Amino acid sequence: MSGVNAGLLRLTRSTLASAALVAIVAALAMAYTSGGGASRDSLIAEMLSNFILVLGMQVFIGNTGVLSFGHMAFAQIAAYATAVVGIPLAAKAKALPDIPFGLDSVHYGPLGATVFAIVVTIIIGGIFGIAVSRASGLAPTMITLAALFVVEQLVKNWKELTRGAGGLSGIPRLEGNGWLWVGAFVALVVAHLFQETRIGRFAIATREDELAAPALGIRLFSARWAAWVVSMGLIALGGSLRAQSLGSVNPKQFTLDSGILILVMLVVGGMRCVSGAVLGTVLITAGNELFRQLGDPQRLDIERFPDLFLGGTMLLVMLLRPGGLLGDRDLAGWLRRRTYRRPPPTGEEPRAGSNTLVAAEIEVHFGGFVALDGAGVTVRPGEVVGLIGPNGAGKTTLFNVITGIVHEQGGRVTLGDRELTDAKPVDIARAGLARTFQNLRLFKNLSVRENVTLTELVAARHRSHRVRPDADTLLADAGLTEWADRQAGTLDYGNQRRLELARAAALAPDFLLLDEPTSGMSDQESQAMVESVRSVATRVGAGVLVIDHDLGFITRISDHIVVLNEGRILAEGTPAAVRANPLVAEAYLGSSA
Amino acid sequence: MLEVDQITTRYGAITALHSASLEVRAGELVALVGPNGAGKTTLLNTVAGLLRPATGSIRFEGNDITGTEPARLVRAGLALVPEHRRIFKDLTVEENLRLGGSTASAHDRRERLEEAADLFPVLRTKWTTSAGYLSGGEAQQLAVARALMSNPRLLLLDEPTLGLAPTMVDVVFDLLQRLREQGRTLLVVEQNATRVLQLADRGYLLRTGNIVATGTGADLAADNSLFDSFIGLEAHGREA
Amino acid sequence: MTKLIQTIVDGLGVGSTYALLALGISLIFGVMHLVNFAHGELITVGAYASYFFFLHGGSWWWMPFVIIGSAVLASVATELVAFRWVRNASPFTLLLTSFALERLSHALWQIFVSPKQRAFPKPAWVFNQFKVAGVSFEVMDVVTIAVTAATLALTAVVFKRTLFGISVRGAAEDFDAARLMGVRANRVISGAFAFAGLLAGVAACLILMRSPAAEPSMGSDWLLKAVIAAVIGGLGSFTGAVVGGLVLGLLETLTRAYLPELAVGWDKFSTAVVFVLIAVFFVIRPDGVFKVSHAERV
């Protein structure tokens, strides 16, 4: 039941935010068109279809942080799809006598044509999106660019289907701008809702940190691909409505240049939030029109001044506010914080997990350099094990082997009876190992609470057998309650460390793996960190494996200490035993040769 | 020669160095020891100009060099052999050395290339090999040779024995000794605390961003509490 | 056989222009992680410089100096005016900044010259033909390949032998380590932009000899191909940029020449086929042919 309620709440919030934004834009539009003139109505029509296209781009680019030049290719596919089923049969027989796929006898009304266009685009785009979502770095951007060239040539040369360069006309035109307003509203609701869904939150996590997201059990591919598919749906809606609003399509409507115009709208307003996309669309459409009128109509070149405006605006925004004018100030986000209700505590008592983490006989070579030479570590349920050793001893490598970042050439990693040798970070996280990072990898643009609730979404799916305390309980344990609504990146260093700890604990893991949790902290802070780690680990019943340079911290927090040196175990035992071991002192201070 | 006066250095929200001061006199070998994460590398990087201190000042041969670009410090006679060596793996040994001597005249550069080849015979045999193919010990010698190409009066070395086999560690310590005999002033960060303190004129012990002890090398090395300071067991009584 | 040779020569001709541009893009990426979408505008700058030079009585003998000189100046200017101020920003911001410059460049030529094409005479010998062993070649084909080969050789010498070249390579691998060697950050970056401008200038000469005309958005198509070539080769890799450029050129001309024989009726879709292949390549090797790893910048 609570799932349905939460879903309703999300829908209500998204609708409210969308309605408010549409109302603002509509008020502006009415003020503008009351000055009269059909040209003013057509400018509004242009703005509304831009609006839908911008939101389509925002869902993918804004949420995943992957730049795409190719979205217009799919808007074009949608526009042509609308045309080939929307043009009345008689006119179609004349314009496209050899149309393939039996389309010569297919005719849909406006709604049917729009739906057809969306379905076709999602299928074609979805397949293409597999390639986009699998690649990393700049490759996805290049793949989208390739899509643009491919579709451009198909549209120009597949004359049986598209009639080539001349384009197609005779698509039944929509009366007035009413349907465009409806489309814009629907697009807004979808874009807002997507940011509230599980997979949408995951997409945002991958944008914020491509390494931390998988380490918390979020699969990059599925999050990106989902964003891509939803984005395709909106782009198709925009392309289809634009075709129906103009009554015609041609290859020049959806070029790289028009895509860049849409991209500028997105980045100027602030691509991370929906409100930013709205602001950008309004500003750029208005500015473009203003500069167009500044141009000299005698010189035929009404495009000149808008380019100046676009380039200048984008340059200024990049130099002065690279996050866009709004940054993260989102109407929906504000609503979300205002309507936040803490879920009732479950009242479940934490129990330690029953699995033991074993890494045994691990061997890793980098080229000729032997980083690990048979070292290993065992952590029993609920136990705190410290891993120490001088620089270059292999601690971090062992940690990276356990968390799936480095592949071992020999040895095994197991959790209970689950084999984790050679598993991927995302699967290791879901199996119950949650890690923190030496150099802090928070989702910086999200609020403190959102950092934790994001991980809870993973836990709800993959760790449901464990006790899962709510985000606020964990934040309280980590001493972060008063900062819950702050942006994570604005916290001071010690609190960022504690937040990373709380975020990892929200996965309800069997073990927390902490990579130098006190590095850069003063002695008082690291003393406080001992308490934070203990209370958070106890709350979720997790054992702890911790690397740290600060032996004071390690001896205070650990039940058991393993000392590595030159890739092997040098000593292990209780803190007192390790401290008294002369070999350990020698490893740290060096022998007096 | 070098006076570091109460510098504090931050990385974003992290304060890595709290008001640390030290002094190196001409001709000395000064060792800077302490546990990992204590701020030793931060201190060297700040002196070398890679990081800008938030407060405090640094003087080199009487001139204020706080916040000066590394490129100017190299020309002034101060060079750093950075942590992890950071040799240019895509460049050959010769190219690495030439880049090290980029501030010298063409004539001096040629002369120093010869000197480097004499001082490090192993490099001469790998002259046109990409530095990425060198072993750890060879790479470390290249890193030092590269820094010497600018003929620095003060050489900072950050963990020169890190990741080296024991025999190579001996080679590096011999090298430190030789550089000192050449009359160069050295400030060395070294994990092998016992050994570097035996060699050093003076030493500083750094912990969680603070200088916690100083003295002659021998005194520090003989101090029984060195290990405790390293692992931080006594720190709480001592913290100001 | 004759056809194959001619196709390959054509492909190398186009490909070498891509290679020169891709090399500049890779060079800039190496030193500051910027994918410079304004790089193609250097061709436009060169074209307008030639146009004005001709208006004032210039001849083709001096043209290369005018084109290359203006491209170098423009390249250095973009760094001074824009990129210097976002040097440590995210790659995304850097890329969009270069996009903004590209737009501005289009706008300025449109406003201060004309949105329309401005043509000027081409050198008389460009399309002269000659035959070797029954295969006919255009003079321009030979000039293109010879000039590119000479430029690449010069580039190799600069990057292998001169202190400037070694500094740029060092800075591309580890910028802070290069600073510790006494390399001045501003100087090496300005130098890289100047050299990229020189390469783009040579490319512009080759392009303008064939089609001597200036148009505000003429650089864009070349730029996109060059970026793709650079990414195919592996951004930051100089060898990769050259290989990527030549491969892309050959792929385009070979597909155009032989696709109709392989699949009847597909000749209209040669570009589409090329880009589908490129997309597949990026799925298989997202980091390009020569993967480049960089030290993290502090």
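The values are calculated or read from the model by the stated rules, or taken from the named source; none is laboratory data. Worth saying up front: this structure is predicted, and the values here are computed from it rather than measured. No Cβ is skipped: glycine too gets one built from the backbone with ideal geometry, and neighbour counts run over all protein chains shown.
For A:Phe116, work out the one condition from (1) within 14 Å of chain C (Cβ to nearest Cβ); (2) crowded, with 20+ Cβ neighbours inside 10 Å; (3) at pLDDT 85 or above it doesn't fulfil.
Result: A:Phe116 fails condition (1) only.
For A:Gly479, work out the one condition from (1) surrounded by fewer than 24 Cβ atoms within 10 Å (Cβ to Cβ); (2) within 24 Å of the chain's Cα centre (by Cα); (3) away from chain B (no Cβ under 12 Å); (4) farther than 14 Å from A:Glu450 by Cα it doesn't fulfil.
(2)
Could you pull out the residue among C:Phe52, C:Phe99, C:Phe83 that is of a type in the set (Phe, Trp, Tyr), facing chain A (nearest Cβ under 8 Å) and surrounded by 15 or more Cβ atoms within 10 Å (Cβ to Cβ)?
It is C:Phe99.
From A:Arg430, A:Arg441, which residue is closer than 30 Å to A:Gly389 by Cβ, out of contact with any Asp or Glu (no Cβ under 8 Å at 6 or more places or on another chain) and at pLDDT 90 or above?
Criteria check complete, one pass: A:Arg430.
Please find, among A:Leu570, A:Leu545, A:Leu491, A:Leu564, the residue that is under 30 Å from A:Gly410 (Cα atoms), in contact with a Leu (Cβ under 7 Å, 6 or more places away or on another chain) and either free of Cβ contacts under 8 Å to residues at least 40 places away in the same chain or surrounded by fewer than 24 Cβ atoms within 10 Å (Cβ to Cβ) (or both).
A:Leu570
Please count how many residues of the stretch B:64-74 are within 10 Å of chain C (Cβ to nearest Cβ) and either farther than 15 Å from B:Leu154 by Cα or within 17 Å of the chain's Cα centre (by Cα) (or both).
5
Working only within the stretch B:69-88, note down all residues that are farther than 24 Å from B:Leu123 by Cα and surrounded by 23 or more Cβ atoms within 10 Å (Cβ to Cβ).
Hits for the stretch B:69-88 are B:Pro70, B:Leu73.
For the stretch C:1-22: of the residues being aliphatic (A, V, I, L, M) and at pLDDT below 95, which is farthest from C:Leu208 (Cα to Cα)?
So the residue we want is C:Met1.
Identify the single condition in (1) β-branched (Val, Ile, Thr); (2) within 14 Å of chain A (Cβ to nearest Cβ); (3) touching a residue at least 24 places away in the same chain (Cβ under 8 Å) that B:Val30 does not satisfy, given that it satisfies every other one.
Only one criterion is unmet by B:Val30, namely (2).
When you go through (1) under 30 Å from A:Ala476 (Cα atoms); (2) touching a residue at least 60 places away in the same chain (Cβ under 8 Å); (3) surrounded by 17 or more Cβ atoms within 10 Å (Cβ to Cβ) one by one for A:Asp559, which number turns out not to apply?
(3)
Among the residues of the stretch A:531-551, is any within 14 Å of another protein chain (Cβ to nearest Cβ), out of contact with any helix residue (DSSP H, G or I) (no Cβ under 6 Å at 6 or more places or on another chain) and in a helix (DSSP H, G or I)?
The answer is no, given that none of the residues of the stretch A:531-551 is within 14 Å of another protein chain (Cβ to nearest Cβ), out of contact with any helix residue (DSSP H, G or I) (no Cβ under 6 Å at 6 or more places or on another chain) and in a helix (DSSP H, G or I).
Select from the stretch B:3-17 the residues that are facing another protein chain (nearest Cβ under 8 Å) and touching a helix residue (DSSP H, G or I) at 6+ places or on another chain (Cβ under 6 Å) and list them in ascending order.
Hits for the stretch B:3-17 are B:Ala13, B:Ile14, B:Ala16.
Against the conditions (1) charged (D, E, K, R); (2) within 14 Å of another protein chain (Cβ to nearest Cβ); (3) out of contact with any strand residue (DSSP E or B) (no Cβ under 9 Å at 6 or more places or on another chain), where does C:Arg118 fall short? Just the number, please.
(3)
Only one of (1) farther than 16 Å from A:Leu480 by Cβ; (2) in a helix (DSSP H, G or I); (3) of a type in the set (Ser, Thr, Tyr) fails for A:Ser519. Which number is that?
That leaves (2) as the condition not met.
Looking at the stretch B:54-70, is at least one residue touching a residue at least 60 places away in the same chain (Cβ under 8 Å) and either part of a loop (DSSP other than H, G, I, E, B) or touching a helix residue (DSSP H, G or I) at 6+ places or on another chain (Cβ under 6 Å) (or both)?
Taking every residue of the stretch B:54-70 in turn, at least one turns out to be touching a residue at least 60 places away in the same chain (Cβ under 8 Å) and either part of a loop (DSSP other than H, G, I, E, B) or touching a helix residue (DSSP H, G or I) at 6+ places or on another chain (Cβ under 6 Å) (or both).
Taking C:Phe175, is it crowded, with 20+ Cβ neighbours inside 10 Å, in contact with a Lys or Arg (Cβ under 7 Å, 6 or more places away or on another chain) and within 23 Å of C:His39 (Cα to Cα)?
Spelling it out, C:Phe175 is indeed crowded, with 20+ Cβ neighbours inside 10 Å, in contact with a Lys or Arg (Cβ under 7 Å, 6 or more places away or on another chain) and within 23 Å of C:His39 (Cα to Cα).
Enumerate the pairs (first residue in the stretch C:263-286 and facing chain A (nearest Cβ under 9 Å); second residue anywhere and assigned to a loop (DSSP other than H, G, I, E, B)) with beta-carbon separation below 7 Å, excluding pairs fewer than 6 apart on the same chain, so at least 6 apart or on different chains.
C:Phe282/A:Ala135; C:Val283/A:Ala135; C:Pro286/A:Ala135; C:Pro286/A:Ser136; C:Pro286/A:Gly137
For C:Leu250, indicate whether it is within 17 Å of C:Leu21 (Cβ to Cβ) and more than 11 Å from chain A (Cβ to nearest Cβ).
yes
When you go through B:Val33, B:Val4, B:Val24 one by one, which is the residue that is farther than 21 Å from B:Ala193 by Cα, of a type in the set (A, V, I, L, M, F, W, C), touching a Leu at 6+ places or on another chain (Cβ under 7 Å) and surrounded by 22 or more Cβ atoms within 10 Å (Cβ to Cβ)?
B:Val4
Can you work out which of the residues in the stretch C:157-177 that are touching a residue at least 12 places away in the same chain (Cβ under 8 Å) and among the aliphatic types (A, V, I, L, M) is nearest to the other protein chains (Cβ to nearest Cβ)?
Filtering the stretch C:157-177 for residues that are touching a residue at least 12 places away in the same chain (Cβ under 8 Å) and among the aliphatic types (A, V, I, L, M), the one nearest to the other protein chains (Cβ to nearest Cβ) comes out as C:Ala177.
For the stretch A:501-512, does any single residue satisfy the condition of being modelled with pLDDT under 90 and among the small types (Gly, Ala, Ser)?
no
Let me confirm something: among C:Val243, C:Val227, which residue is within 19 Å of C:Thr7 (Cα to Cα) and either assigned to a helix (DSSP H, G or I) or at pLDDT 90 or above (or both)?
Just one listed residue meets the conditions, C:Val243.
Out of the stretch A:276-297, which residues are buried (at least 24 other Cβ atoms within 10 Å of the Cβ) and either among the small types (Gly, Ala, Ser) or under 19 Å from the mean Cα position of the chain (by Cα) (or both)?
Scanning the stretch A:276-297 gives A:Gly276, A:Ala277, A:Gly280.
Would you confirm whether any residue within the stretch B:125-141 is at the interface with chain C (Cβ under 9 Å from one of its Cβ atoms), of a type in the set (Ser, Thr, Tyr) and closer than 18 Å to C:Ser167 by Cβ?
no
What's the total number of residues in the stretch B:151-202 that are under 27 Å from B:Gly62 (Cβ atoms) and either surrounded by fewer than 20 Cβ atoms within 10 Å (Cβ to Cβ) or within 14 Å of the chain's Cα centre (by Cα) (or both)?
Here the count works out to 22.
Could you tell me whether B:Ala48 is under 20 Å from the mean Cα position of the chain (by Cα), surrounded by 23 or more Cβ atoms within 10 Å (Cβ to Cβ) and either away from chain A (no Cβ under 14 Å) or on the phi > 0 side of the Ramachandran plot (or both)?
yes
Quick one: A:Ala528 ticks every box in (1) small (Gly, Ala, Ser); (2) within 14 Å of another protein chain (Cβ to nearest Cβ); (3) buried (at least 17 other Cβ atoms within 10 Å of the Cβ); (4) under 27 Å from A:Pro350 (Cα atoms) except a single one, so which number is it?
With (1) small (Gly, Ala, Ser); (2) within 14 Å of another protein chain (Cβ to nearest Cβ); (3) buried (at least 17 other Cβ atoms within 10 Å of the Cβ); (4) under 27 Å from A:Pro350 (Cα atoms) applied to A:Ala528, the lone miss is (3).
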